[in-house]
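Student: Quick one: the structure is below, questions incoming.
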2 protein chains.
Amino acid sequence: MLNAKQEVGRYNTESSNTTVCQTMTPESIKVACSNCNLRELCMPVGLSSEELQKLDHVVATRRKVKQGGHLFSSGDAFTTLYAIRTGYFKTCMLSEDGREQVTGFQMAGEIIGLDGIVSDHHNCNAIALEDAEVCVMPFETIEELSREVPVLQRHVHKIMSREIVRENGVMMLLGNMRAEERLAAFLLNLVQRLHARGFSKSELVLRMTREEIGSYLGMKLETVSRTFSKFSDEGIIEVKQRNVKILNPDALKTLYNPQKL
Amino acid sequence: MLNAKQEVGRYNTESSNTTVCQTMTPESIKVACSNCNLRELCMPVGLSSEELQKLDHVVATRRKVKQGGHLFSSGDAFTTLYAIRTGYFKTCMLSEDGREQVTGFQMAGEIIGLDGIVSDHHNCNAIALEDAEVCVMPFETIEELSREVPVLQRHVHKIMSREIVRENGVMMLLGNMRAEERLAAFLLNLVQRLHARGFSKSELVLRMTREEIGSYLGMKLETVSRTFSKFSDEGIIEVKQRNVKILNPDALKTLYNPQKL
DNA sequence: AAAACTCCTTGATGTACGTCAAACAGATAA
DNA sequence: TTATCTGTTTGACGTACATCAAGGAGTTTT
């Protein structure tokens with residue numbers, strides 16, 4: 001049964017009680033982080049209600065991006081970070097001669113745009129893999145509030161550090177691992193993140209093409225496909241187009257983390 | 001003539017005038033950033049003298065690390081960042097089954113340890129490639145001062161963003177480029193950074209083995225060696241052990257950035 | 001409902017790089 | 001001086017993955 005429950009996650013994006021604060025206009029309610037059920041993913045925990053209210057000002061507005069649309073492009077001026085509310089993104093770089101490298105796949109609750117800080121310009125493209133909505137968080141505002149709210153400051157640092165560590169892991173994958181190990185790691189990482197969002201531990205719907213997976217993992221789409229087929233033949237997973245069911249997670253973990261001989 | 005001038009850089013690590021401030025004890029002078037000629041590399045520019053003095057407190061102490069010694073190891077508790085004063089480091093991860101991935105090479109003026117912020121523990125090893133000295137900068141202090149000095153706050157964000165962008169570039173190398181392109185990019189990056197430190201644009205001394213280069217670039221030491229030899233045969237570089245002289249930088253750039261066809 | 005897409009799968013063949021192995025070059029030690 | 005080490009080079013050969021090619025499966029267009 002490949003009926004992945006990814007479409008009907010346990011999170012509503014808005015709390016059921018939308019009238020917590022009587023003085024709020026519908027508009028301000030709409031962008032209130034304190035009201036958002038994704039908060040625990042993008043915001044620090046353990047804030048006082050006063051701090052929480054301050055942080056509501058981090059999100060200036062929302063923005064919708066159609067499937068295939070660019071949230072930002074390489075070269076664009078950097079002014080804001082984005083928190084993904086719904087939908088999936090990929091970030092990718094293009095080399096001079098047109099080769100594409102996918103540098104990450106991002107999902108709800110994750111922060112996108114950190115690459116722009118260093119030079120005030122983005123140097124990758126962020127493209128929606130399906131219709132998406134993001135919270136626009138002007139970086140100036142984030143910095144101002146970080147100075148007043150140490151918990152937020154620490155949170156911002158952690159988010160950036162997490163990205164550095166994630167990329168370290170990808171370097172390990174690309175530099176040292178074989179195709180099977182890479183794909184195993186990729187699948188395990190995806191379900192783990194989906195699980196943290198209330199989805200199944202074993203079923204997932206891929207939002208990206210084989211080619212995009214391949215670009216991320218440094219292999220060709222044919223190799224991705226063959227490796228999926230191999231896992232399927234071995235009874236480790238069940239693949240039906242973009243629906244994947246993990247039948248034997250331990251086998252994947254062993255592939256990814258072989259024992260020291 | 002492969003007489004690389006890397007040993008005798010134009011920077012003295014201490015300003016010649018060590019008695020700027022009469023009230024300073026020799027100890028406090030020793031760790032004063034305001035006094036350090038590497039400042040422009042690790043510290044923000046455009047600080048008032050008051051701010052500059054505040055920032056002197058960022059560096060708690062100095063620490064020497066012998067060649068081959070660990071500045072920190074994977075699993076160590078994270079409390080401080082380090083600014084490299086002298087010497088070279090590599091950072092590397094070890095997979096379960098013992099494969100090593102070098103994630104970066106760091107030189108004077110660069111900041112090391114950012115990977116530890118997210119989990120309060122380091123998850124890579126930082127190893128000195130030669131006898132080295134670092135400035136110990138407790139992260140708590142950095143955060144405190146960042147709240148007071150916006151320029152420092154921005155600087156910290158930029159350093160982390162720069163690391164993210166660097167790793168994006170490495171992902172592109174590992175995922176899309178061939179051995180020659182990787183090594184060309186590696187050499188160009190090294191001389192560029194050395195040049196920013198006052199060294200030659202064309203001559204450099206490698207601080208790492210072929211195996212370490214290979215680990216960073218996702219190739220075996222034999223391939224690194226062969227590619228060096230190939231460049232040498234083609235008159236692009238001159239190699240004598242770890243001394244490298246770049247004879248034709250444009251050829252390297254073309255290799256790294258081939259024209260769109 | 002056929003046409004035209006895009007995306008995916010699978011087979012046959014090619015190749016860049018890895019593996020194995022031997023020899024060499026400097027550096028340090030005996 | 002010779003001996004021992006570590007790091008490097010180079011050759012012969014093997015392989016994991018890329019490339020090329022054809023067909024299939026959904027999806028959208030006409």
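No value in this document is a laboratory result; all are computed from the given coordinates. Remember, predicted model here, so these are calculated numbers, not experimental data. Using ideal geometry, Cβ is built from the backbone for each residue, glycine included, and neighbour counts are taken over all protein chains shown.
Student: Identify all aspartates and glutamates with a Cα-Cα distance to B:Lys245 below 14 Å; exclude those on the same chain that are fewer than 8 residues away in sequence.
Tutor: B:Glu203, B:Asp233, B:Glu234
Student: Averaged over peptide A:96-109, how many Cβ atoms belonging to another chain are found within 10 Å of each residue's Cβ? Kindly include the intermediate steps, with their values, before the conclusion.
Tutor: Numbers: counts 5, 6, 3, 6, 3, 9, 3, 8, 2, 0, 0, 0, 0, 0.
Per residue, the average neighbour count from other chains is 3.
Student: Per-residue Cβ counts within 10 Å, from other chains only, averaged over A:112-123: what number is that?
Tutor: Numbers: counts 0, 1, 5, 6, 3, 9, 10, 4, 2, 0, 1, 5.
Averaged over the peptide's residues, the number is 4.
Student: Further question: Please go through the residue pairs A:Lys201/A:Lys240; A:Lys230/B:Lys90; B:Lys90/B:Lys220; A:Lys90/B:Lys220 and name each one whose alpha carbons sit more than 27 Å apart in this structure. Before the final figure, lay out the partial values.
Tutor: Numbers: A:Lys201/A:Lys240 17 Å; A:Lys230/B:Lys90 37 Å; B:Lys90/B:Lys220 17 Å; A:Lys90/B:Lys220 31 Å.
A:Lys230/B:Lys90; A:Lys90/B:Lys220, as the Cα separations exceed 27 Å there.
Student: Moving on. Please report how far the C-alpha centroid of region A:196-261 lies from that of region B:153-207, rounded to the nearest whole angstrom.
Tutor: Region A:196-261 and region B:153-207 have Cα centres spaced 32 Å from each other.
Student: What's the average, rounded to a whole number, of partner chain beta-carbon atoms within 10 Å of each residue's beta-carbon in B:150-163? Intermediate values should be presented prior to the final figure.
Tutor: Values: counts 4, 0, 0, 6, 3, 0, 4, 10, 4, 3, 10, 13, 4, 7.
Across the residues of B:150-163, the mean count of other-chain Cβ atoms within 10 Å is 5.
Student: Search the structure for amide H atoms under 5 Å from the amide H of B:Gly104, placed 1.01 Å from N in the peptide plane, and list their residues when 5 or more places away or on another chain.
Tutor: B:Thr91
Student: Over chain A, what is the relative contact order in percent, taking alpha-carbon pairs closer than 8 angstrom and at least six residues apart?
Tutor: Details: 415 pairs, mean separation 51.9, N = 261.
Relative contact order of chain A: 20 percent.
Student: OK, next. Could you state, as a whole-number percent, how many of the C-alpha pairs of the protein assembly as shown are farther apart than 43 Å? Intermediate results must be reported in sequence, preceding the final value.
Tutor: Numbers: 27778 of 135981 pairs.
Roughly 20 percent, rounded to a whole number.
Student: Considering the convex hull of the alpha carbon atoms of region B:181-228, report its projected area averaged over all viewing directions, in nm², one decimal. Mind showing how you got there, number by number?
Tutor: Numbers: hull surface 12.6 nm².
Projected over every direction and averaged, the Cα hull of region B:181-228 covers 3.1 nm².
Student: Tell me which residues come under 5 Å, amide H to amide H, from B:Leu71 once H is placed; ignore anything under 5 positions away on its chain.
Tutor: HN-HN under 5 Å from B:Leu71: B:Ala126, B:Ile127, B:Ala128.
Student: Suppose every Lys and Arg Cβ carries +1 and every Asp and Glu Cβ carries -1, with no other charges. What dipole size does chain A come out with about its Cα centre, to the nearest 20 debye?
Tutor: Values: 32 positive and 33 negative charges, 168 e Å.
Result for chain A is approximately 800 debye, rounded to the nearest 20.
Student: Here is a further query. Scan around B:Arg62 for amide H atoms under 5 Å from its own, H built in the peptide plane at 1.01 Å from N, and keep only partners 5 or more places away or cross-chain.
Tutor: B:Val136
Student: Please state the relative contact order of region A:89-206 as a whole percent: Cα pairs under 8 Å, 6+ residues apart? Don't skip to the answer; put the middle values down first.
Tutor: On the way: 74 pairs, mean separation 17.7, N = 118.
Once normalised by length, the contact order is 15 percent.
Student: Suppose a student asked you for the relative contact order of region B:169-254, using Cα pairs under 8 Å spaced at least 6 residues apart; what percent would you report? Please list the in-between numbers first.
Tutor: On the way: 90 pairs, mean separation 24.9, N = 86.
The value is 29 percent.
Student: Please order A:Lys253, A:Lys90 by the number of other Cβ within 10 Å, starting at the fewest. Can you show the working numbers first?
Tutor: Numbers: A:Lys253 13, A:Lys90 22.
The fewest-first ordering by Cβ neighbours comes to A:Lys253, A:Lys90.
Student: Give me the net charge for the shell around A:Glu148: Cβ to Cβ below 9 angstrom, other residues only, Lys and Arg +1, Asp and Glu -1. Please report the intermediate quantities before stating the final value.
Tutor: On the way: positive: A:Lys54, A:Arg147, B:Arg147; negative: A:Glu51, A:Glu144.
Overall, the nearby charge balance is +1.
Student: Dividing the alpha-carbon Rg of region A:209-261 by 2.2 N^0.38 Å yields what?
Tutor: Numbers: Rg = 11.9 Å, N = 53, 2.2 N^0.38 = 9.9 Å.
Relative to the 2.2 N^0.38 Å estimate, region A:209-261 comes out at 1.19.
Student: Around A:Glu133, with a cut-off of 9 angstrom between Cβ atoms, what is the net charge of the other residues, counting Lys and Arg +1 and Asp and Glu -1? It would help to have the intermediate numbers written out before the result.
Tutor: Numbers: positive: A:Arg62, A:Arg63, A:Lys64, A:Arg85; negative: A:Asp131.
Overall, the nearby charge balance is +3.
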